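**Q** Input: one structure, supplied below.
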Amino acid sequence: MLRIQRLLLIAPIEMTRTPAFDRALALASATGAMLHIVAFDHVNALAVAGLFDHDAMSQAREGYLQVHRHWLEQQARFQRCEGLRVTTEVVWARLSPAHVLEYVNDFHPDLVIKDVQRVPALDRVFHRPLDWLLLRDCPAFLHLVSSAENPKPLKILAAIDLSHLEALTQGLNARILDLASTLAMSCSATLHLLNVSNWSVVGDAVMSVPTSSLDGSLRDAVNDAQQEAFDLLAERYGVEQKHRHLLAGIPHQVIGHFARRNVFDMVVLGTACRHGVEVFVGSTAENLLHHAPCSLMLVKPASGAGK
């Protein structure tokens, strides 16, 4: 069982309680972890004014930030009264990938939590959204919250990928289930396990291919191997038989439809990318990010290596 000790909530600039806020507090309460809340705040008008009158701008900026600090501290003070360990900070900086990743690397959280950033498809053509870049580069577990009707999750889906040999993914499926089972136990949630079968990586290929396109004997061998691996993982993590799901189809579509239809609070899945290349080797996580059926918990291989 994993030990989750440090949570980092990337709070929105707006001083409002968002779904990520409620989920972070619920997970801190369930796991006993300390929660640090950071808000990145930056006003261009104040920054420009500082070019002409630095002292006046410094005073105006400090007054502006003090209001934000006070609001965050009010939220934290209430939670401390309930026994949670909560700290806060407001940083004068834009909410950019560079600033967020630098903060994450300095703080060393076990889990980073933030609200899903909704970006129109046309905008994604011209630049990569913050969530996508965090998906690629965040060293910690990353929880992107789309809603929190149940702040403490009641139903968790662990979506594993058996199209690769486990040795080639640095134990990614085991890491997914380590995290999912830890959260399920801490939150007294029901844990389900899903694998989208009929896909496999053969030889040196970098993309999964339908097993139906393989030679008959090879197809049967691949299906048998995936079934055996699935059963072994389910048994190891104590997933009940009625909560084990083997489905066929295009992975991101199947996971999305299944999670939405069964009203899961969270999907835990893996992601891996090839460093230096601006595309994911597997696009399941990215596709789900833009059409999230519920909140997503993203897990990387232990070494951070790609598939």
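**Q** List the residue pairs whose Cβ atoms are under 7 Å apart, where the first residue sits in segment 252-273 and is part of a helix (DSSP H, G or I), the second is surrounded by fewer than 22 Cβ atoms within 10 Å (Cβ to Cβ) and among the hydrophobic types (A, V, I, L, M, F, W, C), and the two are 6 or more positions apart or on different chains.
**A** VAL254/LEU247; PHE258/LEU247
**Q** With (1) of a type in the set (Asp, Glu); (2) assigned by TED's automatic domain parsing to the domain that holds SER29; (3) buried (at least 16 other Cβ atoms within 10 Å of the Cβ); (4) modelled with pLDDT under 90 as the list, and ASP161 as the residue in question, which single condition is left unmet?
**A** (2) is the only condition that ASP161 fails.
**Q** A follow-up question, please. Within segment 172-207, restricting attention to residues that are in a loop (DSSP other than H, G, I, E, B) and at pLDDT 85 or above, which residue is surrounded by the most Cβ atoms within 10 Å (Cβ to Cβ)?
**A** Quick first cut of segment 172-207, residues in a loop (DSSP other than H, G, I, E, B) only: 188-189, 198, 201-207.
From the residues that got through so far, the ones that are at pLDDT 85 or above too are 188-189.
On the way: SER188: 10, ALA189: 21.
Checked segment 172-207; the qualifying residue surrounded by the most Cβ atoms within 10 Å (Cβ to Cβ) is ALA189.
**Q** Another question, then. Can you tell me which residue is surrounded by the most Cβ atoms within 10 Å (Cβ to Cβ) among those in segment 215-266 that are of a type in the set (Val, Ile, Thr) and under 17 Å from ASP161 (Cα atoms)? Reasoning before the result, please.
**A** Taking segment 215-266 first, the residues of a type in the set (Val, Ile, Thr) are 222, 239, 250, 254-255, 263.
So of that shortlist, the ones also under 17 Å from ASP161 (Cα atoms) come out as 222, 239, 250, 254-255.
On the way: VAL222: 20, VAL239: 23, ILE250: 15, VAL254: 21, ILE255: 26.
Among those that are of a type in the set (Val, Ile, Thr) and under 17 Å from ASP161 (Cα atoms), it is ILE255.
**Q** Let me ask you something else. Kindly establish whether ASN150 is farther than 16 Å from CYS294 by Cβ, modelled with pLDDT of 60 or more and not small (Gly, Ala, Ser). Explain how you work it out, then say what you get.
**A** Values: farther than 16 Å from CYS294 by Cβ: no; modelled with pLDDT of 60 or more: yes; not small (Gly, Ala, Ser): yes.
Answer is no for this residue.
**Q** Pull out all pairs, ordered by first then second residue, where Cβ-Cβ is under 6 Å, the residues are six or more apart or on different chains, the first lies in segment 63-77 and is modelled with pLDDT under 90, and the second is surrounded by 16 or more Cβ atoms within 10 Å (Cβ to Cβ).
**A** Listed by first residue and then by second, the contacts come to LEU65/VAL90.
The values are calculated or read from the model by the stated rules, or taken from the named source; none is laboratory data. Please read these numbers as outputs of a predicted model, since none were measured by experiment. Using ideal geometry, Cβ is built from the backbone for each residue, glycine included, and neighbour counts are taken over all protein chains shown.
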